[in-house]
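Single-structure report; data block below.
The values are calculated or read from the model by the stated rules, or taken from the named source; none is laboratory data. Just so it is clear, the model here is predicted, and its values are computed rather than measured. Because the Cβ atoms are built from the backbone with ideal geometry, glycine has one as well, and the counts that use them run over all protein chains shown.
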Amino acid sequence: MTSSDLKYWIGFNLVTGIGPVRVRSLKEAFGGIPAAWEAPEAELRRTGLGEKLVQRLLEARATLDLEKELDRVQQMGLQVLSMDDLHYPSRLKEIESPPLVLYLSGELVPQDEWAVAIVGTRRATPYGKAVTAELAGGLAASGVTVVSGLARGIDGIAHQAALEAGGRTLAVLGSGLDHIYPPEHRNLARSIAGSGAVLTDYPLGTSPEGGNFPARNRIIAGLSLAVIVVEAGESSGALITADFAAEQGRDVFAVPGRIYDRGSRGTNRLIATGAFPVTTVDDVLEVLNLETVAAAAPREPALPKDATERRVLEALSGDPVHIDELRERCELPIAELTACLSMLELRGQARQVGGMHYVRAHEPRAAYRVG
């Protein structure tokens with residue numbers, strides 16, 4: 001596809017109601033995307049496009065400056081991938097209504113074909129946060145790309161944990177790339193673009209309106225081999241993503257939760273209706289047959305950037321040490337030390353071996369048994 005063709009893909013993407021099936025039909029009828037965009041009104045009607053869509057297309061042609069639209073994207077340093085682009089995700093092409101174009105900040109790579117989505121409530125509990133960090137960090141460290149929606153709660157934690165594990169992550173927006181939402185995740189979005197991609201099918205200038213998010217969920221599912229729902233109430237948008245995944249023939253996983261918790265009602269119902277229960281990263285890797293991807297991935301995570309975490313990690317070795325002794329070595333309050341150890345465990349850098357004894361992960365351990 002030539003760069004001159006790209007502006008016409010952008011144009012069709014801006015016409016409400018003209019999706020991939022109609023664009024393919026128009027391409028075939030007129031011999032290419034430029035000819036389809038510029039086709040005479042009478043010939044457009046003969047294709048069976050319908051009066052409303054013909055009028056919308058004619059209005060778009062009269063009002064849009066396609067060169068200007070393409071320039072705006074390129075001046076922001078963004079990419080646009082059309083369905084004809086060799087770099088357009090092949091898995092996404094398989095869904096019923098793939099995006100005509102993807103606006104992209106960052107880069108898609110072949111490794112992203114091995115992707116798993118992690119989604120859930122914006123009102124995550126401490127349990128949900130911990131499980132999300134463990135699953136996302138473990139998958140990323142195993143060479144699996146983590147996909148989510150950049151939302152508050154489970155989504156943001158999944159992206160952050162994947163980054164901290166040194167892995168790749170993709171964020172799918174329900175807005176244009178010039179309207180990062182929520183605004184407090186702008187820095188996170190920049191980090192994601194440096195170790196993956198932030199993408200959307202919404203053009204520049206599109207605000208994050210509520211109606212946009214259910215539609216973007218089909219892309220989250222479409223990019224992924226499977227969807228994991230960590231916490232979700234009975235009306236959570238995460239369940240919409242799970243529904244899309246099931247319709248697309250992708251596997252659905254759900255994290256079991258307490259029956260009294262509102263945020264677990266959706267996930268428990270998913271399990272009751274056939275979703276795979278997930279309690280460890282290995283559950284996902286085994287079902288999806290991704291053990292070979294995990295085996296090829298680098299196993300040693302990066303050193304923590306936080307000075308306290310570095311101090312605790314340096315005080316650990318392959319020999320188990322009790323938390324009281326560790327507190328004395330690090331000269332930290334017990335609450336701060338416990339929180340620090342929890343984060344190191346979630347990243348796979350420390351491990352509790354029983355009886356409040358800890359070791360540094362990724363090192364040979366001495367023969368030891370507590371109790």
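Taking Ile228, is it over 17 Å from Ser175 (Cα atoms), among the β-branched types (Val, Ile, Thr) and crowded, with 24+ Cβ neighbours inside 10 Å? Criteria met by Ile228. No other residue among Trp37, Trp9 is farther than 17 Å from Asp201 by Cβ and surrounded by 20 or more Cβ atoms within 10 Å (Cβ to Cβ) apart from Trp37.
Considering each residue of region 82-104 in turn, at least one proves to be over 30 Å from Phe253 (Cα atoms), in contact with a helix residue (DSSP H, G or I) (Cβ under 8 Å, 6 or more places away or on another chain) and not assigned by TED's automatic domain parsing to the domain that holds Ile240. Of Leu337, Leu326, Leu316, all but one fail to be among the hydrophobic types (A, V, I, L, M, F, W, C), over 25 Å from Thr280 (Cα atoms) and at pLDDT 85 or above; the exception is Leu326. Of Leu49, Leu66, Leu53, Leu70, all but one fail to be touching a Gly at 6+ places or on another chain (Cβ under 6 Å) and either closer than 16 Å to Leu6 by Cβ or modelled with pLDDT under 90 (or both); the exception is Leu66. Just name the residue that is farthest from Glu51 (Cα to Cα) out of those in region 1-41 that are part of a loop (DSSP other than H, G, I, E, B) and of a type outside the set (A, V, I, L, M). Of everything passing the filter in region 1-41, Thr2 is farthest from Glu51 (Cα to Cα).
Counted as qualifying within region 150-258 are the strands (runs of 3 or more DSSP E) with 2 or more residues that are within 20 Å of Leu290 (Cα to Cα), namely 169-172, 226-229, 251-254. Residues that are farther than 19 Å from Leu100 by Cα and either crowded, with 16+ Cβ neighbours inside 10 Å or among the hydrophobic types (A, V, I, L, M, F, W, C) (or both) within region 59-85 comprise Ala62, Met76, listed in sequence order. Sub-7 Å Cβ pairs linking a first residue in region 58-80 that is outside any strand (DSSP E or B) to a second residue that is surrounded by 11 or more Cβ atoms within 10 Å (Cβ to Cβ) and small (Gly, Ala, Ser), at least 6 apart or interchain, are Ala60/Gly11; Leu64/Gly11; Leu66/Gly11; Leu78/Ser105, ordered by first then second residue.
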